[in-house]
Structure formats: C-alpha cells, structure tokens
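The values are calculated or read from the model by the stated rules, or taken from the named source; none is laboratory data. Because the structure is predicted, anything quoted here is derived from the model rather than measured. Virtual Cβ from ideal backbone geometry, glycine too; neighbours counted across all protein chains shown. To get the accessible areas, we keep the full protein, side chains included, count just its heavy atoms, and leave off ligands, DNA and RNA. Shrake-Rupley method; radii C 1.70, N 1.55, O 1.52, S 1.80 Å.
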Amino acid sequence: MSTTIYYGAVVNPRSLQAYDLWPRCLLAVNAKGVIDWVVEDVQPHELQDALASKGHSLETDFVALKDGEFLIPGFVDTHTHAPQVPNMGTGGQYQLLDWLQNVTFPMEAKFKDVSFAKTTYESVVRRIIDSGTTTCCYYGTLHLEATKALADIIHSFGQRAFVGKCNMNRESPAYYVEPTAAASVDATKELINYIRNLSPAVSKEEQLVQPILTPRFAISCTDELLESLGNVAKADPQLRIQTHISENLSEIAFTKSLFPKASSYAGVYDMFGLLRDNTVLAHAVHLSEDEVNLIKERKAGISHCPTSNFNLSSGVAPVGYYLDKGIKVGLGTDVSGGFNISILNAIQNASIASKVCSFNPKERPDVPAPVLTDKALPIATLFYLATMGGASVCGLEDQIGSMTAGKSFDALLVTVQNNAGNPGIWGIETFEQAEDVESKVQLDGWFERFLFGGDDRNIRVAQLATTDSNALHRPRVRSIIVRAAISSPSNPQLPLLIGSTDIRTPKVTQLGNSSKAEISWWVDPAQHQFRIGADVYWVPQPDHELYPKFSASLANAKDGTGLALFKAYDWEAKRIEIFRMMSPGMKAAWCRPPPGSKLEGGEEEAKKWPAQLFDPDDPESNIPSDQYEEAKRNWNFALKNFALLLFDPIDIDVVDLASRPNTRIFHAKNPNEHNEIWKQEDLVP
Ligand SMILES: O=c1[nH]c(=O)c2nc[nH]c2[nH]1
C-alpha cells in the first residue's frame with residue numbers, strides 16, 4: 001500500500017477546552033499507517049495544487065469523504081473486562097462487593113475452559129472494535145492460557161491494546177483464586193513474555209499489543225503478592241500497571257482493614273511501588289485530597305468509568321476537579337459494571353456525571369481558580385477524554401489520540417447520513433442540503449449529534465478474507481480493488497472477476513493453502529451487501545516460479561467453472577493491460593521490498609523508493625536518457641512482482657436492506673443445469 005490521501009471533514013481534539021473543526025481537510029497516511037501531513041483547510045479549487053505541492057495527484061490513492069462523513073481519532077477505552085462482556089446488562093441490583101461474588105466471579109471462572117475463552121473473546125473483541133475503540137486496556141481473568149488466547153485474538157484483529165491477567169490470591173471464592181503469590185507472579189511473567197513475543201521484530205514500545213500488570217485490586221492481593229508485583233514493575237519501568245481504586249465505600253473500608261499500615265487506599269499501591277506514571281487507576285470515585293495529591297505527584301492516570309459508577313451505585317467521580325488538579329484522565333466502559341461496550345456511551349454518561357457534580361458543588365480550597373471543577377463538562381473536554389486523555393493515561397500521547405503528523409492513523413470514519421440506519425441521529429442536514437449554513441457550524445452539529453445519539457451504525461469500517469495457515473486458521477482481511485471482469489461469449493453466466501496483488505504478499509501463500517476465499521462489498525447508496533464466495537487463482541509473470549501452479553489450475557479446470565472457459569486466453573497480455581491501467585503512483589507500489597516485511601532503514605529508506613513508474617519504452621514518458629536504465633529496471637521489477645488475482649464465483653449472497661421487508665437471496669452455482677446455472681434461494685436477511 002502506498003500513501004493514502006483523505007480529503008474531507010475532520011474533527012480533532014486540540015485541548016481540554018477546544019477542538020478543531022476542519023470541513024475540508026487534506027490528510028496523508030503513509031504505508032506504515034502513520035499520518036505524514038495534514039493541511040487543515042483546502043478549498044476544492046485548491047486541491048490539485050495542494051496535492052502537487054506534496055508530490056501527489058488525484059490519481060494516487062485518493063479517498064474523498066462523502067457529504068455527511070467525517071474522520072475523528074479512534075476511541076481509547078482505558079478500562080474494561082473482556083470476560084465480563086457475557087454478563088453485560090445484568091447485576092445492576094448489587095453494589096460492588098456483592099456483585100463480584102454473585103455475578104462476576106462465577107462468569108470469570110468459566111474462562112478456565114480455553115475453548116470457551118477463545119470463542120467468547122473472538123466476538124467480544126470484534127464488538128469492541130466495531131464500536132470504535134481502536135485502543136483498549138483489557139483485564140482478562142486469572143487464567144494464563146485464556147489470557148494468552150485473548151492477546152492472540154486482539155493481535156490477529158490488529159487492535160492496539162494492553163492485556164493483563166488478574167492477580168488475585170485472596171478474598172476470592174475457592175473456585176476462583178490463585179493458590180499462592182508465587183504462582184500468580186510466575187504466570188504473570190509468562191504472559192508478559194508471551195505477549196512481547198507476538199511481534200518480536202517490533203520494539204517493545206511500538207508493539208500494538210502490550211502486556212500490563214493487573215493486580216485486580218488491593219483486596220484480592222496479599223502483601224506478598226503486591227510486593228512481588230512491585231518488584232516486577234521496578235525491573236520493567238515501561239510495563240504499564242492497571243488496577244481499581246476507591247470505587248465503593250464498603251470496598252474502601254475493607255481495604256483499610258486489610259492494610260492498616262497504609263496511609264490510604266492510594267497509599268497501599270504506593271507502598272508497593274505500583275503507583276507511577278504509567279499506572280491506570282480505574283474509578284477513583286471517593287479519593288481524599290491527600291490521595292489526589294499523591295496520584296498527581298506520582299503522575300498516575302485515572303480511568304473515569306461513569307456508566308459503571310452509576311450502575312453499581314458506586315458514586316460520581318469528580319472528574320472536573322481531577323482535571324483542574326492536572327491529573328491525566330481517560331474514559332473507561334468498565335464492562336460489565338458498565339452495561340455498554342462503547343466509549344460513546346461513556347462520553348454520554350461522563351456528561352451526565354459532570355452535571356450531577358454541578359448540582360452539588362464542593363468546597364475545594366486546593367483549586368483556587370476552578371475551570372472544570374464541579375462544572376458540566378463541555379463537548380471539547382468529553383471528546384478529549386475519549387481520545388487524547390485516554391492516550392495520555394496509556395502513555396501513548398505521542399503515538400495516537402489526535403490527527404497530528406507523526407501519529408498513527410488510528411481513526412474512525414463516521415457517517416451521519418440517514419442511510420447509516422441509526423434512527424437516533426436521523427434527519428441531519430449535510431453540507432449540500434444546508435448551503436446557507438457555514439460548514440464549520442454544520443460539522444459541529446453533526447459531531448454533537450454523533451456523540452450523543454450515535455452508535456456503531458454510524459462508524460463505517462471497511463474488505464478479501466482468507467485463512468492463515470497457522471494453528472489458529474485465523475481469517476485475514478484486507479481491502480482490494482476489483483479492476484476488471486471478463487466473461488466468455490460461450491457462457492456469459494460464468495464471469496471471472498480480476499483483482500491484483502504483489503506475488504510476494506502473504507495472501508498468495510494463504511491462497512496456496514486454500515483456494516477458497518470470500519469478497520464482500522457494502523454498497524451504501526443501494527443499501528446492499530454482496531458476498532461472493534469464490535475459487536481464487538493468481539496469475540504471475542510466466543517465468544515466475546509460481547506460474548506452473550496457475551498453468552496446472554488452468555489445465556485441470558473442470559467444466560462448469562469460469563476458469564475452464566479461459567484455457568486458451570492470453571493471460572500475459574491481460575496482466576500487462578491491467579498493470580498499464582494503473583496510475584504511475586500505484587504502479588510504483590510494486591517496486592518496493594516485499595509488502596509486510598520489516599522496514600529496514602526506516603522512513604529515510606522509504607523515501608528512496610520510486611514514487612511513480614513510467615513505461616521506459618513509451619516515447620510519451622519522456623524519460624531522460626541518463627535515467628533510462630534505472631527506469632527500465634524499476635519497470636521490469638514491478639512487473640515481475642505484479643500478479644492478477646482471479647475470482648471464479650461459487651456462490652453469491654445478496655442482502656437488500658433498502659427493500660421493505662428486507663430480502664436476502666442466495667445464488668448457488670448449479671453447473672450441470674445449462675439453463676439455470678445460478679439457482680436462487682430466499683433466505684432470512
Ligand atoms: O468495577 C469493577 N469491576 C471488577 O471486576 C472489579 N474487581 C475489583 N474491583 C472491581 N470493580
């Protein structure tokens with residue numbers, strides 16, 4: 001993939017007090033997924049020049065957002081419990097300690113069964129990603145193998161995350177407790193090594209999935225365990241720590257009774273070296289002023305979990321006060337204390353929580369000039385907490401959280417168009433429909449409606465699925481361009497779709513293991529989903545070592561398949577024709593080291609790759625004679641790597657969500673019926 005340029009509306013968190021509205025922003029994302037540059041305001045008539053000044057054109061990978069769409073940074077969930085998702089929506093009649101015993105521990109204990117864990121975690125992580133959370137701090141259970149499975153799944157889905165195994169060796173039921181402090185620490189160390197080896201070639205700091213030390217809460221850990229975990233943390237300053245603090249009054253009283261020597265709840269963690277600048281403290285509802293000062297001094301961060309704090313009747317965290325004190329704060333869903341996996345819901349309840357604080361302002365002599373203390377938090381602050389605030393709590397403020405050059409493009413494409421299908425924000429006027437309103441005002445309106453009425457239907461995500469060959473057989477998905485379709489006059493009902501690939505990519509190996517794959521489109525204006533199950537073949541250059549595999553597929557193609565109709569076809573001519581159809585910038589993508597391989601030499605090396613390729617033998621290319629040899633070498637190298645992907649459909653599943661009632665028609669291939677090759681069947685949509 002080369003650089004992708006986005007043009008359209010962007011909303012960016014600038015600070016706790018302000019956010020940027022850029023209705024016509026031009027933004028480039030490089031092949032490593034990092035934002036290369038941002039130009040905040042480019043009018044349509046300036047577009048060509050703005051692109052040219054950056055060395056691009058409209059023909060390079062260019063994505064124009066539609067009217068009613070905008071980009072925001074992905075959400076950061078600083079606190080959730082993956083194994084509690086199956087309990088979501090239950091247990092609201094309890095307060096914390098009873099809720100743990102009656103609802104939570106029985107569910108978490110089930111994750112001893114690793115196959116149950118794998119199945120559950122797959123759908124949990126998928127749901128969390130779909131809700132717009134691009135970075136998440138996950139608690140697993142106390143089980144090592146199940147938590148490894150959680151990390152594997154998150155890693156395979158490509159989410160940025162911190163994953164921890166709960167440490168709990170006391171005050172937990174006999175069926176769900178670790179036998180000793182030593183066993184707990186050994187399993188923790190094994191998990192840390194395991195997670196860091198998921199991407200051994202990437203530096204610890206840049207790995208998408210990282211381990212996090214997770215003493216569940218002070219109550220569940222003996223002094224011996226906390227002391228050992230403190231030693232693990234001391235030896236590994238970069239290791240993040242997550243735990244709960246001061247959520248519920250009975251919990252606080254019990255903690256004080258278990259740690260009589262500690263000055264306070266926060267003091268317990270501090271005593272064992274677990275309160276530091278990369279500690280994430282969940283809840284913090286009832287902190288004393290001394291604790292607030294200690295947390296500030298240690299530069300630890302707070303995860304504000306308003307939905308859970310309301311649901312378990314814990315109280316209301318004075319987040320405005322913490323922010324005025326200069327403490328880092330992010331948002332957490334805290335499922336299943338909280339009953340919603342979406343950070344949008346945490347934003348909504350953080351707003352309500354701050355309004356509750358504003359009804360009952362407290363004397364705060366330590367904040368002489370309050371700005372947010374006991375005030376209803378404005379949208380700017382709520383948006384900041386969900387993005388930049390969360391990033392800072394996770395120690396990722398230089399990598400994610402805003403649309404800033406140099407940061408990763410962890411972003412959400414939001415739509416407020418009616419056809420997103422969310423009645424909660426129906427009827428919003430787009431730029432085109434509201435010509436007389438200034439576009440910034442318009443965008444601000446979209447954004448506010450999305451924050452308070454939006455859900456995952458408003459978050460567009462995009463996709464070829466194949467199966468990896470490792471033990472997990474995990475599906476791998478990427479977006480592809482279908483560049484052409486061909487059909488034979490002898491049987492037009494059996495077309496082949498043609499895409500392209502670099503012959504060195506993993507999908508070629510994956511398709512070598514199983515030629516079956518599926519391609520899927522969502523066609524927004526028509527509200528149709530097309531899913532095509534297909535046999536897939538790749539067509540490399542004829543002298544490539546993989547070409548005989550394609551020749552054998554051709555020779556063995558059975559009657560009734562699309563491929564059998566193209567045995568005598570000039571595939572090399574087609575390959576070159578499709579290569580020539582692409583823009584010079586796109587062609588250059590085939591002239592780099594193997595896609596997905598480690599980028600040796602960093603960005604400086606990447607800058608040396610050709611940005612555009614022209615046919616050296618085409619007089620119109622005007623290649624200076626001293627550059628001819630290099631141009632020829634590049635052209636030939638790219639052509640050697642360029643392969644066609646052929647999709648020979650086996651079945652087609654069409655879901656029509658525009659019709660009322662919705663319909664779904666499954667077309668299965670019936671090769672022996674010459675008059676009815678595609679047999680249709682109605683399915684429940
Ligand atoms: O909201 C919470 N959820 C939990 O699972 C938990 N464990 C300790 N303290 C907790 N609080």
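Some values worked out for this structure:
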{"quantity": "Hey, residue 366 more than 16 Å from the ligand (Cβ to nearest atom), open to solvent by less than 30 Å² (accessible area, probe 1.4 Å), in a loop (DSSP other than H, G, I, E, B) and assigned by the TED database to the domain that holds residue 134 or not", "calculated": "no"}
{"quantity": "Qualifying residues in the range 420-442 (those that are surrounded by 14 or more Cβ atoms within 10 Å (Cβ to Cβ) and within 24 Å of the chain's Cα centre (by Cα)) - the one modelled with the lowest pLDDT", "calculated": "420"}
{"quantity": "Filtered residues of the range 277-297 (kept if of a type in the set (Asp, Glu) and either outside any helix (DSSP H, G or I) or out of contact with any Ser or Thr (no Cβ under 8 Å at 6 or more places or on another chain) (or both))", "calculated": "277, 289, 297"}
{"quantity": "Of all residues making up the range 230-256, the number that are assigned to a helix (DSSP H, G or I) and within 16 Å of the ligand (Cβ to nearest atom)", "calculated": "8"}
{"quantity": "Scan of the range 198-217 for residues that are closer than 12 Å to residue 394 by Cα and at pLDDT below 90, ordered by number", "calculated": "205"}
{"quantity": "Unmet criterion (only one of (1) open to solvent by 20 Å² or more (accessible area, probe 1.4 Å); (2) modelled with pLDDT of 95 or more) for residue 192", "calculated": "(1)"}
{"quantity": "Residue list for the range 94-119, restricted to those being more than 15 Å from the ligand (Cβ to nearest atom) and open to solvent by 20 Å² or more (accessible area, probe 1.4 Å)", "calculated": "112, 113, 114, 115, 116, 118, 119"}
{"quantity": "Unique residue being in contact with a Lys or Arg (Cβ under 6 Å, 6 or more places away or on another chain), open to solvent by less than 70 Å² (accessible area, probe 1.4 Å) and not charged (D, E, K, R) when the list is 35, 72", "calculated": "35"}
{"quantity": "Which numbered condition residue 333 misses (of (1) open to solvent by 10 Å² or more (accessible area, probe 1.4 Å); (2) within 16 Å of the ligand (Cβ to nearest atom); (3) among the β-branched types (Val, Ile, Thr))", "calculated": "(1)"}
{"quantity": "Subset tally (residues that are more than 16 Å from the ligand (Cβ to nearest atom) and either aromatic (Phe, Trp, Tyr) or buried (at least 24 other Cβ atoms within 10 Å of the Cβ) (or both)) for the range 276-322", "calculated": "8"}
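Condition check ((1) open to solvent by 20 Å² or more (accessible area, probe 1.4 Å); (2) in a strand (DSSP E or B); (3) more than 16 Å from the ligand (Cβ to nearest atom)) across all residues:
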{"residue": "76", "(1), (2), (3)": "no, yes, yes"}
{"residue": "89", "(1), (2), (3)": "yes, no, no"}
{"residue": "128", "(1), (2), (3)": "no, no, yes"}
{"residue": "136", "(1), (2), (3)": "no, yes, no"}
{"residue": "141", "(1), (2), (3)": "no, no, no"}
{"residue": "154", "(1), (2), (3)": "no, no, yes"}
